[in-house]
Every structure is written in structure tokens, then in C-alpha cells.
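Below is one structure; the comments refer to it alone.
The values are calculated or read from the model by the stated rules, or taken from the named source; none is laboratory data. Here the structure is a predicted model, which means the values were calculated and not measured. Note that we place each Cβ from the backbone using ideal geometry, even for glycine, and neighbour counts take in every protein chain shown. Ligands, DNA and RNA are stripped out before the accessible areas are found, and what is left, the full protein with its side chains, is counted by its heavy atoms. Shrake-Rupley method; radii C 1.70, N 1.55, O 1.52, S 1.80 Å.
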Amino acid sequence: MGKSVVSLVRAGDDVEAAVRLAIHMAGGLEGIVSAGSRVLIKPNVNSREKSGTGKVTDARVTRAVTRAVLEKNPASVVIGEGAAVGFDFPDLQDTMTALEESGTLAVARELGVPAVDLNRDEHREVEIPDPYVMKSV
């Protein structure tokens, strides 16, 4: 297994520039996203919180990452989340409500990409070749 690369950048007022710098410092998207790629943008929006609280991924970060990915012209891009709270109690809170509250759903609409509730969307099991731990997901 290769080592993971992490970059930290102080955002200030220009979140998009900070995200792009962080992507660059981590090695960029070349070799990761190509014309045939199917990309899932997975923010951390696990509860109903406003963007900017620090409790969920700031919608400006999701916008910047999604825009950087879209510039690579992948086959498809989806913003997907499965809220931790509310999966068993959909009347109390659900993923789409959390995405709406955080501003992430507005980002998806603005950029023309689907937003998907991973708790309720279709799924299929995939075998993992030469697994380290899990044989399928």
C-alpha cells in the first residue's frame, strides 16, 4: 500500500483558491480523474447543520472540489452522502434535508450534478481484487 498524502492550507476568504492549492500540494487530480472516470464527491454532511459551522463540510469546499473535478471532463460526477442521523428515523431528519441545510444541494444544482442519498440509492456489491481486509463492499 502506498502512503497517503495530506495537505493543509489556511483558507481565509478565498476558499476555492485554498482548495485548489491543497489539491495541487497533494499531487493534483492528474492520474486520478480522466475522461472515462465516474466520480463521487463525498462531503461529510452527516447531520442538519449550516455550512461554515465546522460540523459538516463547508459547501464552498464541496463546490471547489466539484469544480476542479468537472474541469477534468469525467464521464460523470455525483455528490453523494448518507447522513448518519436520521437513517432509521426519516421523519426526524434525512440526508436530503441535511444536504439542503448545509447548502450542498444548492451547490449540486448550481454545478448541474446530481445529489444522491447513499442511504436510499440503488446499490450493488462489488468484489475487491486482492483485498487487504474486505472481500467485497
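Key figures
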{"read-out": "Selected residue (criterion: most open to solvent (accessible area, probe 1.4 Å)) from residues of region 55-75 that are of a type in the set (Gly, Ala, Ser) and over 11 Å from the mean Cα position of the chain (by Cα)", "value": "Ala75"}
{"read-out": "Number of the exception - Lys50 against (1) open to solvent by less than 60 Å² (accessible area, probe 1.4 Å); (2) part of a loop (DSSP other than H, G, I, E, B); (3) closer than 20 Å to Glu110 by Cβ", "value": "(1)"}
{"read-out": "Matching residues in region 11-37 - criterion: being of a type in the set (Val, Ile, Thr) and open to solvent by 50 Å² or more (accessible area, probe 1.4 Å)", "value": "Ile32"}
{"read-out": "Search result, residues across region 1-29 that are among the charged types (D, E, K, R) and either touching a residue at least 40 places away in the same chain (Cβ under 8 Å) or under 17 Å from Gly103 (Cα atoms) (or both)", "value": "Glu16, Arg20"}
{"read-out": "Qualifying residue in region 67-88 (condition: at negative phi, touching a residue at least 40 places away in the same chain (Cβ under 8 Å), outside any helix (DSSP H, G or I) and among the aromatic types (Phe, Trp, Tyr))", "value": "no"}
{"read-out": "Answer residue from region 102-127, given it is free of Cβ contacts under 8 Å to residues at least 24 places away in the same chain and among the hydrophobic types (A, V, I, L, M, F, W, C) and is surrounded by the fewest Cβ atoms within 10 Å (Cβ to Cβ) among those", "value": "Val126"}
{"read-out": "Region 30-45: number of residues that are assigned to a loop (DSSP other than H, G, I, E, B), among the hydrophobic types (A, V, I, L, M, F, W, C), touching a residue at least 12 places away in the same chain (Cβ under 8 Å) and over 15 Å from Thr57 (Cα atoms)", "value": "2"}
{"read-out": "Scan of region 30-80 for residues that are within 19 Å of Arg10 (Cα to Cα) and among the small types (Gly, Ala, Ser), ordered by number", "value": "Ser51, Gly52, Gly54, Ala59, Ala64, Ala68"}
